[in-house]
Amino acid sequence: MQMVRTEGQLAKYPFFTLLSFETEADPVFVRTEGGQATADATRRHTGGGSLRLAPGTKSAVVKLASLHSGREWPGRWTLIGAYCYSSRPQVLSAAFEADGRTLEQYTVEIPANQWTPVVLDILSALSRGSANTIGTLRFTFPDGLPEGLWVDDLVEIDNTGTLYDGPADGLSIGEKGFSFTVERSGRFKQTFRTPEADPAGWKIEETNPIRVRLSSRGPQRSMLIYPDGRQIIDGVLQPLLGNPADAAGLVASHNSPARIAVTGDTGRLDRNSPGDANNDGYAEQSGTYQIIAGGPRLEMRIEPQGVPAVRPLLEVRELPKGSVLVTMEGVLVERIVRLENGSTLIELPGVLTRPTLVNVRVGQ
Ligand SMILES: [Ca+2]
Ligand SMILES: [Ca+2]
């Protein structure tokens, strides 16, 4: 089953209302099977009324062409659908049909007692059919509605935008319909479907100048993308486009991690982090060495084990609050990010071929 977005999540985007069920004529545009559709002033998403689908209704269909005369199709719009309300959780399927074919279909469950937008990705639908056909929107209730269901505001929405804009040498995320792209300008661009369009779609969990982290409820669960082209899916590193020699180095250093020797009681290597399958302190799930700080000063040596360590990533937990200063062999390290969970993510520059001293210090 696909996810539904909340009203609040969609309210921020520009939209156009095709039907608001404020006039006597509006219900005429909706054809139903199994039950009547009538104007109802007792409940409304906006204005003074909505459309009530009677108990027993099996489907409700809107031919979009009749609402689209004189307007460009699809124009700027990326999503189409309507707000639905039910006094109990209700499963329904929403479909976009054209030329006798179903081009896009989601099965969702709307929660009880709140207006919920049930919308489809127009661009995804049109990519499967002839782009100029103005199709039909169909809502289906498999066993017929046990109680009435209200529909209001048939809308077209434009959710084209930027979800994250990193630094010039970092990643950016753009959204359009129910898909998003993770891109490093001029290097690579990956497109993902969201959980609204695909039960195995990807959700954005973390964005910062060092990486983007995604999760899914599908067969693949976890993905990280780093601006240098490291893409790690469920612990397996698959480099995105880039310099092939560099890509081979990234794979080798992921598969044969360096040894980390933490000095004295300044901290310790964590061999039990959830993303570390073989307890060597390197979490292959995220491509990061896992270190727990003992205080505001941490010192360690990165010791490559016969394989160069390419831009090693350190995830340091339990550092006190404050600004973090990192040096590698006395040279200042620039790529440092504090994560929401308090951990500090550090990307060391370059390719390390011999034991290398790293100092981490928390200041004021
Ligand atoms: Ca209304
Ligand atoms: Ca490991």
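The values are calculated or read from the model by the stated rules, or taken from the named source; none is laboratory data. Being a predicted model, the structure only gives us computed values, none of them experimental. Ideal geometry is used to build each Cβ from the backbone, glycine not excepted, and the neighbour counts take in all protein chains shown.
Would you confirm whether any residue within region 95-111 is under 25 Å from the mean Cα position of the chain (by Cα), assigned by TED's automatic domain parsing to the domain that holds T133 and not in a strand (DSSP E or B)? Yes, because at least one residue in region 95-111 is under 25 Å from the mean Cα position of the chain (by Cα), assigned by TED's automatic domain parsing to the domain that holds T133 and not in a strand (DSSP E or B). Quick check on region 219-232: of everything there that is part of a loop (DSSP other than H, G, I, E, B) and out of contact with any Pro (no Cβ under 7 Å at 6 or more places or on another chain), which residue is farthest from K203 (Cα to Cα)? Taking the candidates together, the pick is D228. Quick check, is A247 modelled with pLDDT under 95 and either surrounded by 18 or more Cβ atoms within 10 Å (Cβ to Cβ) or within 10 Å of ligand 2 (Cβ to nearest atom) (or both)? It is true that A247 is modelled with pLDDT under 95 and either surrounded by 18 or more Cβ atoms within 10 Å (Cβ to Cβ) or within 10 Å of ligand 2 (Cβ to nearest atom) (or both). If you go through region 18-50 and keep only what is touching an Asp or Glu at 6+ places or on another chain (Cβ under 8 Å), surrounded by fewer than 15 Cβ atoms within 10 Å (Cβ to Cβ) and not in a loop (DSSP other than H, G, I, E, B), you end up with nothing.
Condition check for L149 on (1) under 19 Å from F15 (Cβ atoms); (2) buried (at least 21 other Cβ atoms within 10 Å of the Cβ): one failure, at (1). Within region 166-193, restricting attention to residues that are over 15 Å from I225 (Cβ atoms) and assigned to a strand (DSSP E or B), the residue that is farthest from the chain's Cα centre (by Cα) is K176. Condition check for S127 on (1) surrounded by fewer than 17 Cβ atoms within 10 Å (Cβ to Cβ); (2) among the polar types (S, T, N, Q); (3) in a loop (DSSP other than H, G, I, E, B): one failure, at (3). Screening region 39-86 for residues that are hydroxyl-bearing (S, T, Y) and away from ligand 1 (no atom under 16 Å from the Cβ) and picking the one that is nearest to T140 (Cα to Cα) gives S59.
Residues checked against (1) closer than 20 Å to L348 by Cα; (2) within 16 Å of ligand 1 (Cβ to nearest atom); (3) exposed (fewer than 15 other Cβ atoms within 10 Å of the Cβ):
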position	(1), (2), (3)
S215	no, no, no
G218	no, no, yes
L269	yes, no, no
N278	no, no, yes
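The residues in region 309-364 that are closer than 22 Å to L250 by Cβ and of a type in the set (D, E, K, R) can be counted, and the count is 7.
Is at least one residue of region 225-244 surrounded by 18 or more Cβ atoms within 10 Å (Cβ to Cβ), closer than 28 Å to K12 by Cα and touching a residue at least 24 places away in the same chain (Cβ under 8 Å)? Looking for residues that are surrounded by 18 or more Cβ atoms within 10 Å (Cβ to Cβ), closer than 28 Å to K12 by Cα and touching a residue at least 24 places away in the same chain (Cβ under 8 Å), one finds at least one in region 225-244, hence yes. If you go through region 324-345 and keep only what is within 22 Å of E205 (Cβ to Cβ) and part of a loop (DSSP other than H, G, I, E, B), you end up with L339, E340, N341, G342, S343. A single entry from E72, E109, E104, E97 fulfils the requirement of being out of contact with any Ser or Thr (no Cβ under 9 Å at 6 or more places or on another chain) and either within 23 Å of V4 (Cα to Cα) or of a type in the set (A, V, I, L, M, F, W, C) (or both): E109. If L241 satisfies every condition in (1) assigned to a loop (DSSP other than H, G, I, E, B); (2) touching a helix residue (DSSP H, G or I) at 6+ places or on another chain (Cβ under 8 Å) but one, which is the exception? Going through (1) assigned to a loop (DSSP other than H, G, I, E, B); (2) touching a helix residue (DSSP H, G or I) at 6+ places or on another chain (Cβ under 8 Å) one by one, L241 breaks only (2). Looking at the structure I just gave you, is V310 surrounded by fewer than 16 Cβ atoms within 10 Å (Cβ to Cβ), touching a residue at least 60 places away in the same chain (Cβ under 8 Å), within 26 Å of Q231 (Cα to Cα) and of a type in the set (A, V, I, L, M)? Against the criterion (surrounded by fewer than 16 Cβ atoms within 10 Å (Cβ to Cβ), touching a residue at least 60 places away in the same chain (Cβ under 8 Å), within 26 Å of Q231 (Cα to Cα) and of a type in the set (A, V, I, L, M)), V310 does not qualify. Please work out if T57 is out of contact with any Pro (no Cβ under 9 Å at 6 or more places or on another chain), part of a loop (DSSP other than H, G, I, E, B), farther than 16 Å from A95 by Cβ and more than 16 Å from ligand 2 (Cβ to nearest atom). In short, no. Kindly list the number of the only condition in (1) surrounded by 21 or more Cβ atoms within 10 Å (Cβ to Cβ); (2) assigned to a loop (DSSP other than H, G, I, E, B) that fails for V119. Single failed check for V119: (2). A residue that is over 18 Å from S93 (Cβ atoms), β-branched (V, I, T) and in contact with a Lys or Arg (Cβ under 7 Å, 6 or more places away or on another chain) occurs somewhere in region 174-197.
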